[in-house]
Structure formats: C-alpha cells, structure tokens
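Engineer: My structure is below; once you've seen it, I'll send some questions.
The values are calculated or read from the model by the stated rules, or taken from the named source; none is laboratory data. All values derive from a computational prediction rather than experimental measurement. Methodologically, a virtual Cβ is constructed for each residue, glycine included, from the backbone with ideal geometry; neighbour enumeration extends over all protein chains shown. Heavy atoms of the whole protein, side chains included, go into the accessibility calculation; ligands, DNA and RNA do not. Shrake-Rupley method; radii C 1.70, N 1.55, O 1.52, S 1.80 Å.
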Amino acid sequence: MATAKEDAPPTTSKVREVRDAKTRTVQDAQGSSLIGRTVTINRPRAELYAYWRDFARLPTFMDNVQQVDVLSPKLSHWVVKAPGGRTVEWDARITEEKDGELIAWASTEDADVPNSGRIEFRDAGDRGTIVTATIVYDPPAGLVGKVIAKMLQREPAIQARRDLRRFKQLMETGEVATSSRTRAQLEEEKA
Amino acid sequence: MRALTWHGKHDVRVDTVDDPEILKPRDAIIKITSTAICGSDLHLYDGFIPTMKAGDILGHEFMGEVVETGPKSTLQKGQRVVVPFTIACGSCYHCGKHQYSACDNGNPADNQDIGMELYGQPMSGLFGYSHLTGGYAGGQAEYVRVPFSDVGPIVVPDGLSDDEVLFLSDILPTGWQAAENADIEPGDTVAVWGCGPVGLFAVQSAFLMGAARVIAIDHFPRRLELARKFGAETINFEESKTYEALMEMTGGIGPDAVIDAVGLEAHGFFVDNVVDQIKASLMLGTDRIHSIRQAIVACRKGGRVSMPAVYGGIVDKFPLGAFMEKGLTLKTGQTSVQHYMPGLLNAIVEGKIDTTFLISHRMSLEDAPKGYKMFHDNQNEVTKVVLKPGFDAGTAIAAE
C-alpha cells in the first residue's frame with residue numbers, strides 16, 4: 001500500500017496508487033472506479049442499519065433503482081435505470097456483514113454493470129450516525145459511457161451523493177423532500 | 001388556479017396553472033389571503049439570481065387559510081397561518097440548533113448539488129426563489145403546497161388582521177435577526193444601510209435591544225422619513241458623504257455596530273459600484289457590494305458587522321484589510337424564521353412592534369405584474385405591495 005503521510009480518506013486522494021490500494025480492500029472488487037461518500041444522519045445506528053439491510057426498500061430513496069428482489073439472505077436481484085430509458089440488471093451477493101455496522105456486496109460474474117461496495121455505520125454521538133458508502137464499479141462502455149451517464153445524471157458518483165441525501169431525508173423526516181406541486185410533476189421527476 | 005409566474009428579466013405574468021396537491025405526509029395546502037412582493041423578489045425580477053426557469057411561481061411572503069392537510073400535518077382545516085419563507089424539516093442537526101435556514105433536508109436532493117458547488121454545503125429550501133433553493137412554487141398564487149407544515153407555519157389568533165402579521169413570514173424576523181447579529185449593547189450607536197422593510201425593522205429592533213442611537217442611511221426621502229418616525233437619525237447619501245457624516249456624528253469613533261440591509265443591487269454612483277455594474281453586466285461578477293464595503297470601513301475598531309442583505313456569488317474589492325486590522329466581527333445568513341416567529345408574534349400582540357406602517361399599496365393578485373413594475377420603478381413611494389388573491393382585478397388601495 002502507498003505510504004500515507006496524512007489522514008485524508010484514500011477515496012479523496014489525487015494519487016492513483018492510493019485510490020487503487022483502497023479499491024483492493026473492497027472484497028471481490030468489481031471494477032476500477034472508486035467512489036467514497038459520507039453523510040451524517042441524526043438517527044440511531046441500529047435503525048439506519050435495519051432499514052438499509054432490507055434491500056427491497058432501497059428503491060424508496062435510490063431514484064435510479066427500479067426494483068430489488070431479495071432471493072435469499074445473501075442474494076438479491078437488481079433492476080436499475082440506465083441512460084436512454086433502458087434498464088440494466090444484475091444479481092448481488094452479500095460478501096460481508098456485521099450487524100449494525102457494515103454491509104458489503106458484490107455483483108455476480110455476469111452483471112451488466114459490475115459493481116461492489118460497502119456501507120458502514122458509525123456512532124456520531126449527539127449528531128447521530130456517520131454513514132459512509134464506498135463503491136467500486138466499472139462504468140458501462142468505459143469512459144464514453146461514464147461521460148454519457150454523467151450527462152444524463154445517472155453517473156454513479158452523482159447518484160451515490162443524491163441517494164445518501166434522500167436516505168438521510170427519509171430517516172430524519174419520514175419523507176423524501178420534493179418541490180413538485182402536483183402528482184403529475186412528482187411522477188415526471190421520478191421517471 | 002391563478003399564479004404570478006416568472007418568464008425572464010422584467011417579465012412576470014399571471015397565468016392559470018394546475019392547483020397544488022398533497023404529495024407528502026407532512027404537507028398542507030394553504031389558500032392564500034395575503035402575499036407581499038419582497039425587495040429580494042426584485043433581484044429575481046432584474047434577472048440577478050441564476051437557476052430561474054420560465055414559469056416558476058414567485059412569492060415567499062404569504063399567509064392564508066389551511067384547506068387541506070396530509071396525515072402527518074399538525075394543522076387543521078380552517079386555521080389561519082403565516083408561513084416562513086425558509087423550508088425546514090425540524091428534525092435534522094441544524095434545525096435542532098434552531099438554524100432553520102441551514103436545514104439539511106428542506107432542499108430536494110437533486111437541487112442540493114448546485115448549493116454544494118456554489119457554497120460548499122447546500123442550504124435549506126426557500127419558497128419561490130430559484131432552483132438553487134429547491135425550485136419550490138411560491139405563494140404569489142391562490143394556493144400553495146407547504147411541505148413540513150408541522151414545523152413551519154404559525155397559527156394566528158383571530159383578533160389580528162393579515163396586515164398585522166403577514167411580515168412574520170420574512171422581513172420582520174429578518175430585520176430582528178439583523179439587529180441580533182449586531183450583538184447590540186446598551187448605549188450603542190448602530191448604523192443601518194438601506195431603509196427598505198428589513199432596514200426599517202432592523203431600526204425598530206435595534207432600539208428594542210437597547211441601542212441608544214440608530215443612524216439610518218438611504219437616498220429615498222420617504223423611507224428616511226419612516227426611519228425618523230421610529231427615532232432614527234438619518235443620512236441621505238446623495239446629499240452628504242456617508243463615511244464623513246458617520247464619523248462626525250459619532251465623535252470620530254465610528255458606529256459600534258453596522259448593518260447592511262441593501263445587498264446585491266446597491267444603488268448609487270460610486271466608482272467601485274460602477275465597476276461592479278460593468279462586471280455584472282459582463283457576467284464577470286454577480287454581486288455589487290458598495291454598501292457592505294462602506295459599512296466595514298465606517299465601523300469602529302473592534303465593532304460588529306451584521307449583513308442581512310442578500311448576496312449570491314463571489315465578489316472582489318472586499319476590504320479584507322480593514323476588516324482584519326480593525327478586528328471586526330461579521331455575522332450573516334438567511335433568516336431562521338421559525339426561531340423568531342413565536343416571540344415576534346407576541347411582540348405584535350403586546351403592541352411593541354408595528355408592521356402595518358410599511359404597506360403602501362394593496363392590490364389584486366391579477367395586478368401583480370403592475371405591482372412589480374411600480375415597486376421596481378418607484379422605491380420612494382412604494383414601500384410595500386401586498387397582493388390579495390381575493391380582490392377583483394383593478395382594485396387597488398393605496399395607504400391613507
């Protein structure tokens with residue numbers, strides 16, 4: 001591992017080797033693009049963990065995830081919106097979990113968009129819980145696909161940031177905030 | 001319903017749009033009875049605020065009657081409420097500290113990206129004030145959807161008229177917070193730049209907080225006259241040199257605290273301001289900041305600077321040297337309206353604060369575009385326009 005002379009998280013490093021070293025710590029890493037994103041949520045750790053662990057509920061705050069079917073305690077099937085009105089699908093396997101602390105997953109070998117990552121929950125005293133998502137993935141169709149996805153706001157880094165905010169909203173306020181005025185606008189926003 | 005919509009610089013129209021609906025459990029729908037045009041609406045009218053879209057409904061000072069509630073709203077149909085312009089959830093860390101305008105959750109997740117880029121962290125949502133602050137439809141309309149209605153709106157006692165309480169929505173708490181941010185000590189001399197509604201409420205608030213003298217600065221004679229009515233001394237910056245006058249009036253010391261209630265459209269023909277105007281028109285800089293510069297230079301050594309004025313972007317020629325060398329303190333921010341509403345409603349009930357003096361014009365919602373133009377073109381006579389959706393078009397009542 002590259003020598004760290006500072007305390008900044010490796011996901012924020014400008015040095016490729018430092019980021020790659022972090023990528024290798026994700027079990028069964030599926031890909032080479034690394035995202036790290038942290039949010040503090042004013043709710044108890046156990047409550048946040050329990051909500052997240054029920055994967056079928058993830059589409060309530062992950063806007064680009066259409067559906068998650070839980071196939072077995074370790075295996076789930078994901079249907080995700082992709083650029084151009086298409087969807088991509090894959091199976092994901094839980095590679096590690098510690099009750100109330102972390103969940104790690106990796107897509108299985110035949111995934112359309114290979115991806116893997118972990119979500120960690122740490123106590124933050126009277127501020128609630130610090131939630132950190134680390135995601136490793138291969139963008140669809142390489143760099144060009146990544147640029148197109150970014151233009152269409154389906155880029156995983158943008159999605160991760162927004163999904164974590166929506167998770168925070170849902171957990172702290174009981175609802176995901178919207179500025180829509182009518183049901184029709186709300187449907188359009190989700191499409 | 002009918003609503004005042006933005007279509008571009010100096011182009012606002014009353015359009016027919018779909019009625020708002022309950023979309024989330026904590027929502028309420030309010031039927032608007034009174035809604036005011038704010039000085040900061042003129043920033044939108046003049047095209048200074050980015051991220052506006054054609055068709056956006058304006059208005060962030062409004063009140064009305066509860067007509068529909070979501071299952072988790074604590075309001076009841078028929079209640080009269082004033083709605084704060086800041087949309088806050090009441091349950092995040094910042095709301096817990098009563099920093100409602102810094103609410104983590106009031107701004108939809110996708111819109112928070114812009115605030116993140118511009119300011120480092122996104123701020124709360126605001127009604128009717130661009131997509132940077134959430135893209136929420138405003139209250140210059142017949143109806144409005146109010147999210148988190150269990151936290152924001154305050155129920156008004158029957159005995160009080162709309163005119164007496166409407167300004168709890170923004171400008172009264174904003175003027176009060178401006179004075180509070182000046183950390184006024186008994187016997188202080190406080191200088192206030194700008195005698196618009198916020199400046200005038202800051203004058204009243206400063207006296208209530210123990211200021212011995214308040215010096216109000218503007219160039220509109222009618223506004224200076226209103227400031228004088230509340231006991232302020234005045235400086236007309238077109239007739240006198242502001243810095244020199246302040247120094248002479250404070251025995252060569254400078255004011256103990258200064259309040260900038262002007263903001264990004266500072267008027268006046270000063271060299272630095274003209275440079276700002278040229279830059280703004282070339283999109284090189286968005287904010288014209290003469291008033292805050294002058295306030296910092298005039299403030300006494302070790303004094304306090306309060307900045308309720310709205311600034312949106314990046315500025316240069318900020319007198320950082322004067323600020324540092326004199327050891328000044330600056331406090332600012334969008335108003336945490338929810339924090340101040342109960343206390344200020346009490347002050348109105350007890351007759352300690354009067355807000356009705358401000359209203360110069362009342363007119364129908366249908367005449368709102370005319371109201372914008374009047375307010376924009378004649379800030380001497382027009383101190384506040386209140387729109388009444390219940391009025392017939394063409395009904396206009398000027399203040400006695």
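Engineer: Checking understanding here: applying a Kyte-Doolittle mean of at least 1.0 and a length along the axis of at least 20 Å (C-alpha), which whole DSSP H helices in chain A pass?
Structural biologist: Going by DSSP H runs, there are no hits.
Engineer: Could you tell me the distance between the Cα centroids of region B:87-152 and region A:51-130, to the nearest Å?
Structural biologist: Using only Cα atoms, the two centres lie 28 Å from each other.
Engineer: Which whole number gives the average count of other chain Cβ atoms within 10 Å of the Cβ atoms across peptide B:360-372?
Structural biologist: For peptide B:360-372, the averaged partner shielding equals 0.
Engineer: Next up: Give me P(r) over region B:37-171, computed from all C-alpha to C-alpha distances, binned every 5 Å, as integer percentages.
Structural biologist: The calculated distribution, bin by bin, is 2, 11, 19, 22, 21, 15, 7, 3, 0, 0.
Engineer: Relative to the longest principal axis of chain B, what angle (0 to 90°, nearest 10) does the C-alpha long axis of helix B:171-181 take?
Structural biologist: 40
Engineer: If you don't mind, another one. Relative contact order (percent) for region A:1-102, with alpha-carbon contacts under 8 angstrom and 6 or more residues of separation?
Structural biologist: The value is 16 percent.
Engineer: In chain B, carbon and sulfur make up what percent of the accessible area (probe 1.4 Å)?
Structural biologist: 54
Engineer: Here is a further query. For peptide B:110-123, what's the mean number of Cβ atoms from other chains within 10 Å of each residue's Cβ?
Structural biologist: Counting other chains' Cβ atoms within 10 Å and averaging over B:110-123 gives 2.
Engineer: Also: With 19 Å as the limit, write out which pairs from A:K168/B:K24; B:K77/B:K352; A:K190/B:K24; A:K14/A:K81 have Cα-Cα distances beyond it, or answer none.
Structural biologist: Exceeds cut-off: B:K77/B:K352; A:K14/A:K81.
Engineer: Hey, can you rank A:104-110, B:368-374 by average C-beta count inside 10 Å, highest first?
Structural biologist: Final packing ranking: B:368-374, A:104-110.
Engineer: Using just the C-alpha positions of region A:13-144 as equal point scatterers, what log10 of I(q)/I(0) does the Debye formula give at each q in 0.22 1/Å?
Structural biologist: Values returned for q = 0.22 Å⁻¹ are -1.45.
Engineer: Then there is this: Whole-Hz Karplus ³J(HN,Hα) for region B:301-311, in order, using 6.51 cos²θ - 1.76 cosθ + 1.60 and θ = phi - 60°, x for Gly and Pro?
Structural biologist: Result, rounded to whole Hz: 4, x, x, 10, 10, 10, 10, x, 4, 7, 10.
Engineer: Between B:N236 and A:V88, what FRET efficiency follows from the Cβ-Cβ distance if R0 is 60 Å, with the result rounded to 0.05?
Structural biologist: 0.35
Engineer: Would you kindly derive the ³J(HN,Hα) couplings of region B:38-46 from the backbone phi angles with the Karplus curve 6.51 cos²θ - 1.76 cosθ + 1.60 (θ = phi - 60°), listing them in order in whole Hz, with x for Gly and Pro?
Structural biologist: Calculated HN-Hα couplings, in order: 9, x, 6, 5, 5, 4, 5, 4, 7 Hz.
Engineer: Antiparallel versus total DSSP beta bridges in the protein assembly as shown: what percent is that, nearest 5?
Structural biologist: In the protein assembly as shown, approximately 75 percent of DSSP beta bridges are antiparallel ones.
Engineer: Just counting partner chain Cβ atoms within 10 Å, what average do the residues of peptide B:81-89 show around their Cβ?
Structural biologist: 1
Engineer: Next question, about the same structure. Taking region B:1-57, how much of its Cα-Cα pair set, in percent, is spaced more than 13 angstrom apart?
Structural biologist: Percentage above 13 Å: 68.
Engineer: As a check on your grasp of the helix formula, calculate [θ] at 222 nm for chain A: sum -39500 (n - 2.57) over DSSP H runs of n ≥ 4, divide by the residue count, round to the nearest 500.
Structural biologist: -8500 deg cm²/dmol
Engineer: I need the calculated FRET efficiency for the pair A:E109 and A:E6, taking r as the beta carbon distance and R₀ as 25 Å, to the nearest 0.05.
Structural biologist: 0.10
Engineer: Would you mind checking the tilt of helix B:368-377 against the longest principal axis of the Cα atoms of chain B, expressed as 0 to 90 degrees and rounded to 10?
Structural biologist: Tilt of helix B:368-377: around 0 degrees.
Engineer: At q = 0.06, 0.11 Å⁻¹, what is the log10 ratio I(q)/I(0) for the protein assembly as shown, with the Debye formula run over Cα points and no solvent?
Structural biologist: Each listed q maps to, in turn, -0.36, -1.06.
Engineer: Run the simple label-point estimate for A:A21 and B:N346 please: 7 Å along Cα→C-beta, distance reported in nm.
Structural biologist: Each label point is offset 7 Å from its Cα along the Cβ direction, giving 5.8 nm.
Engineer: Provide, as a two-decimal number, the C-alpha radius of gyration of region B:149-273 over 2.2 N^0.38 Å, N being how many residues it has.
Structural biologist: Cα Rg divided by the expected 2.2 N^0.38 Å: 1.15.
Engineer: So, one more: When N is the residue count of chain B, what does its C-alpha Rg come to as a fraction of 2.2 N^0.38 Å?
Structural biologist: The reported ratio for this selection is 0.94.
Engineer: Compute the helix-to-body angle for B:337-349: its Cα long axis versus the longest principal axis of chain B, expressed 0 to 90° and rounded to tens.
Structural biologist: On a 0 to 90 degree scale, this one is about 90.
Engineer: Which pairs, out of B:K53/B:K241; B:K9/B:K326; B:K53/B:K373; B:K31/B:K373, put more than 30 Å between their alpha-carbon atoms?
Structural biologist: Listed pairs above 30 Å: B:K53/B:K241; B:K9/B:K326.
Engineer: Work out the P(r) tail for region B:55-133: percent of alpha carbon pairs separated by more than 18 Å, whole number.
Structural biologist: The proportion of pairs with Cα distances above 18 Å equals 51 percent.
Engineer: Label-point separation (nm) for B:A393 and A:D99, each offset 7 Å from Cα along Cα-to-Cβ?
Structural biologist: 6.8
Engineer: Compute the Kirkwood hydrodynamic radius of region B:181-235, taking the inverse of the mean of 1/r over all pairs of distinct Cα atoms, and give it in Å to one decimal.
Structural biologist: 10.7
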